[in-house]
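K.L.:
Here it is, the structure in full.
None of the figures in this text is laboratory data; all of them are computed from the coordinates on show. Since we're looking at a predicted model, the values are computed, not measured. All Cβ positions, glycine included, derive from the backbone under ideal geometry; neighbour counts span all protein chains shown.
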Amino acid sequence: DAATPAPGSTESAEKVVKITDEDDHCLVRVGDKKYEAYKMNTVTHHGLALIISITEFENGAERNYGKVDEDRLVDLFGPKFLGYKTLLLQNLTAEEILLALELATGTKKLSDIPQFQNSLSDFSDSSNVVSEKDDSFILAIMSHGKSGEVEGSDWNEVREDEILEILKNCSMLQNKPKIVFFQACRVNDGKGKLSDIDRSTDVDLTDFVVQYSAYEGTTSKALEYADPQKQKSEGGGWFVNTLQEAFKQMYKTNDLEEMLGEVGRRVQQIEVDKYKQCPTADNGLAHKLFFKIY
């Protein structure tokens, strides 16, 4: 693409080196600069990355291009790059999405909801539940959506603030970064003007980054090819494709805010049939977040 070179993308870039630990953060050095950063105590296992992907809906509707995005995020978030234990859950209903978050954060136990023990059986494995030793948490939800909501496979909606509230109330993630990606359209639902929709939330976003694939009121774009090889290399959502590419180049030496900024710049440079896209984020991080601190 025509994006400017990513800062920190060269092999000769300096590592992020810890200088000292403070009470709620650490001091790091990158080259000749020093920063306050979240404590990321290991470079190989930061915690759980939960990926919820809806590609098949009731009535036969499909998001086939989303299957490429699943592979990209599992690869990026996993131990080879960002350093998380990945869990991919596919085609959950709206109710199951919320239950999966409650199970992942320890709010509920699988034994509490026997009717979901088949569809949410992955949570019988304790490694798929947040623990105190985790440094941080990643959530990615990919589906259809509209302003303030994402849709389950049953076409019922889940409010984004419900999702964020569950993460906010997880005691094991207090004062730790929570990174949330919404890959979905954010258009008006037709009930009124975009400016009339109540998108307010009471959720305190301290220690959160909530990254949206598209700006409020717009759609998320994707490419789909008949050729499987071309679909694997070039297809899928513009945002997820760019996210994987930029993060792989930058994750060793750049902080999360810098990387997301670069993703946004690159996505905005894409234009297909006069369509463009603009990712946006709500950033409540108290410190810089580096994935590789040595």
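K.L.:
Under 8 Å for C-alpha pairs, at least 6 residues apart: give me the relative contact order for the chain, rounded to a whole percent.
P.N.:
Dividing the mean separation by the residue count of the chain yields 24 percent.
K.L.:
Where a ≥ b ≥ c are the square roots of the eigenvalues of the C-alpha gyration tensor, would you call the stretch 55-155 rounded, which needs a/c under 1.5, or, failing that, prolate if a/b is larger than b/c, or oblate?
P.N.:
It comes out oblate by the Cα gyration axes.
K.L.:
Please sort 208-214, 81-87, 31-37 by packing, taking for each peptide the average over its residues of neighbouring beta carbons within 10 angstrom, highest first.
P.N.:
Descending mean neighbour count gives 208-214, 81-87, 31-37.
K.L.:
Eigenvalues of the Cα gyration tensor times 5, then square-rooted: what semi-axes does that give for the chain, in whole angstrom, largest first?
P.N.:
28, 25, 19
K.L.:
State to the nearest 20 debye the size of the charge dipole of the chain about its Cα centre, where the only charges are +1 on K and R beta carbons and -1 on D and E beta carbons.
P.N.:
940
K.L.:
While we're looking at this one, here's another question. Among 15-23, 67-75, 168-176, how do they line up from the highest to the lowest mean number of other beta-carbon atoms within 10 Å?
P.N.:
Put in order of decreasing packing, that is 67-75, 168-176, 15-23.
K.L.:
Which Cα, out of VAL130, MET172, SER143, lies furthest along the positive dipole direction of the stretch 94-235 (beta carbon charges, K/R +1, D/E -1)?
P.N.:
Highest projection toward the positive end goes to SER143.
K.L.:
Which residue, GLY47, THR219, MET259, has the largest displacement toward the positive end of the dipole of the chain when charges sit on each Cβ (Lys, Arg +1; Asp, Glu -1)?
P.N.:
Positive-end residue among those listed: MET259.
K.L.:
Can you compute the FRET efficiency between GLU132 and LYS34 using 1/(1 + (r/R0)^6), with r the Cβ-Cβ distance and R0 = 30 Å? Round to the nearest 0.05.
P.N.:
0.60
K.L.:
According to the square roots a ≥ b ≥ c of the eigenvalues of the Cα gyration tensor, what is the shape class of the stretch 233-279, taking rounded for a/c under 1.5, prolate for a/b larger than b/c otherwise, and oblate for the remainder?
P.N.:
Oblate, since a/c reaches 1.5 and b/c is not below a/b.
K.L.:
Taking the DSSP beta bridges in the stretch 95-189 as the whole, what percent of them are antiparallel, to the nearest 5?
P.N.:
45
K.L.:
Okay, next question. About the Cα centre of the stretch 209-294, how large is the charge dipole given +1 on each Lys and Arg Cβ and -1 on each Asp and Glu Cβ? Please answer in debye to the nearest 20.
P.N.:
In total the dipole reaches around 220 debye.
K.L.:
As a check on your grasp of the helix formula, calculate [θ] at 222 nm for the chain: sum -39500 (n - 2.57) over DSSP H runs of n ≥ 4, divide by the residue count, round to the nearest 500.
P.N.:
For the chain, the value works out to -6500 deg cm²/dmol.
K.L.:
Sticking with this structure for a sec: Rounded to the nearest 20 Debye, what is the dipole magnitude of the stretch 141-294 about its Cα centre when Lys and Arg each give +1 and Asp and Glu each give -1 at the C-beta?
P.N.:
Roughly 600 debye, rounded to the nearest 20.
K.L.:
Which trypsin sites (Lys or Arg not before Pro) in the stretch 219-280 pass both tests, a DSSP loop state and at most 12 other beta-carbon atoms within 10 Å?
P.N.:
Here the trypsin sites (Lys or Arg not before Pro) that fit, given the DSSP loop and packing criteria, are LYS274.
K.L.:
In the chain, what percentage of the DSSP-assigned beta bridges are antiparallel, given to the nearest 5?
P.N.:
Antiparallel: roughly 45 percent of the beta bridges in the chain.
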